[in-house]
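Following: one structure in structure tokens, then a few remarks.
The values are calculated or read from the model by the stated rules, or taken from the named source; none is laboratory data. This one's a predicted model, so the numbers in the text were calculated from it and none came from an experiment. Using ideal geometry, Cβ is built from the backbone for each residue, glycine included, and neighbour counts are taken over all protein chains shown.
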Amino acid sequence: MTSAETCRAHILHEMDPTWTTTVLLVPCVVVLTAGFFYLYSFIVGLLTKTSVRNKVVVITDALSGLGKECAGVFHKGGARLILCGKTWEKLEELADDLVNASDPTVTFHPKLVLVDFSDMDSMPDVIAEILDCYGCLDVLILNSSMKVKAPAQSLSLEMDKLLMDNNYFGPVTLAKGVLPSMISRRTGHLLLVNSIQGKIAVPFRTTYAASKHAVQAFFDCLRAEVEEYGISISTINHTFISRSASENTGAASSKSLWSLLYTRKPLGVSPDEAATEIVKTLSNKRKEVVIAPSLPKVAVYIRSFFPEIFFAVMAAGVNNAAAAEHSEKM
């Protein structure tokens, strides 16, 4: 044996067994992790196909980020989609994109319906048109939402009514309109995509939070009423549906205390994450899902069990924001 070989053998003999084990385990961990994510994606895809295949699925506000994501997932899963939105040209463009990206032998061409919850007088015709598309309805995903941020005293009554129409009266009217069809067939699933502000409220979003609390309460009550007919009611409360990196960065710069409950970058939910959760909720028929990191979830419990602490934190956040604004003006 040469001196070099003798030295190498000596080094290997003196090598720390723990370090050797770690080196050997790293490739195994990488492979197992990759395998886990592959299996997870496969299962999610399988759930999508089994939960919506051939079912009639209505998506309100299909032109939003989450709406488009859900449309893509359900279309590939073989659902008979009815896409709703305010702009006909954009709905046609979305439908064309879905058709061009899928196999026409295993998918259905989406049907389109113009829906504007700001125009409540049009709702009877909208409901009739939706039911006429396939003669029945299996899943209704209520995804529409209108947001506003302002001090309560600065909001007009007209703005209050507009938010309530979009966030409460519109979804509720549509749900009540399709319920008789579901009850007669003794099957159906209503899924409300709601904000976490259906559970808690932060300053400067009075009417928005009120509308989200109202629609949450409606579907919580409705759940018990329709259970005997085999109809499922699910609510998904999220912090925020992320949009773009530039918007996220701007929101993350907020310095108020309570903004940590509602910032877009660290606590937001991407459209694909929310769509995946919707697929799982439709499959396992969970009644309520909260998509949020630990802090907002803890805030929900604090609001319920320690309301004085919650109110104090909210007030401190407002004072902090006011002080920061005042210093910027000086």
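Please go through segment 274-320 and pick out each residue that is of a type outside the set (A, V, I, L, M), in contact (Cβ under 8 Å) with a residue 40 or more places away in the chain, closer than 16 Å to Q197 by Cβ and assigned to a helix (DSSP H, G or I).
Residues satisfying the conditions are P296, R303, F310, G317.
So which residues in segment 186-215 are part of a helix (DSSP H, G or I), of a type outside the set (G, A, S) and either closer than 17 Å to I241 by Cβ or in contact with a Pro (Cβ under 8 Å, 6 or more places away or on another chain) (or both)?
Within segment 186-215, I196, Q197, Y208, K212, V215 qualify.
I'm trying to understand the selection: among the residues of segment 68-83, which are of a type in the set (A, V, I, L, M), buried (at least 24 other Cβ atoms within 10 Å of the Cβ) and assigned to a helix (DSSP H, G or I)?
The answer is A71, and nothing else.
Going by the structure shown, is L179 buried (at least 18 other Cβ atoms within 10 Å of the Cβ) and either among the hydrophobic types (A, V, I, L, M, F, W, C) or touching a His at 6+ places or on another chain (Cβ under 9 Å) (or both)?
Yes: the conditions hold for L179.
Of the conditions (1) in contact with a strand residue (DSSP E or B) (Cβ under 6 Å, 6 or more places away or on another chain); (2) modelled with pLDDT under 95, T107 satisfies every one except a single condition; which number is it?
(1)
Taking interchain pairs and intrachain pairs at least six residues apart, which have beta carbon atoms under 7 angstrom, with the first residue in segment 76-93 and under 19 Å from G170 (Cα atoms) and without any contact (Cβ under 8 Å) to a residue 12 or more places away in the chain and the second surrounded by 14 or more Cβ atoms within 10 Å (Cβ to Cβ) and of a type in the set (S, T, Y)?
none
Within the set of pairs 6 or more residues apart or between chains, which connect a residue that is farther than 12 Å from L222 by Cβ inside segment 177-199 to a residue that is of a type in the set (D, E, K, R) and crowded, with 19+ Cβ neighbours inside 10 Å with Cβ atoms less than 8 Å apart?
As it stands, the answer is T187/D138; H189/D138; N194/K212; S195/K212; Q197/R205; Q197/K212; G198/K212, since those pairs meet every condition given.
Is one or more of the residues making up segment 69-76 in contact with an Asp or Glu (Cβ under 7 Å, 6 or more places away or on another chain), of a type in the set (D, E), at pLDDT 95 or above and farther than 28 Å from Y229 by Cβ?
Within segment 69-76, one or more residues are in contact with an Asp or Glu (Cβ under 7 Å, 6 or more places away or on another chain), of a type in the set (D, E), at pLDDT 95 or above and farther than 28 Å from Y229 by Cβ.
Going through A274, A245, A251 one at a time, which residue ends up being under 28 Å from P203 (Cβ atoms) and modelled with pLDDT of 85 or more? Even if it seems obvious, please write down each step before you answer.
Values: A245 fails: modelled with pLDDT of 85 or more; A251 fails: modelled with pLDDT of 85 or more.
That would be A274, the only listed residue that is under 28 Å from P203 (Cβ atoms) and modelled with pLDDT of 85 or more.
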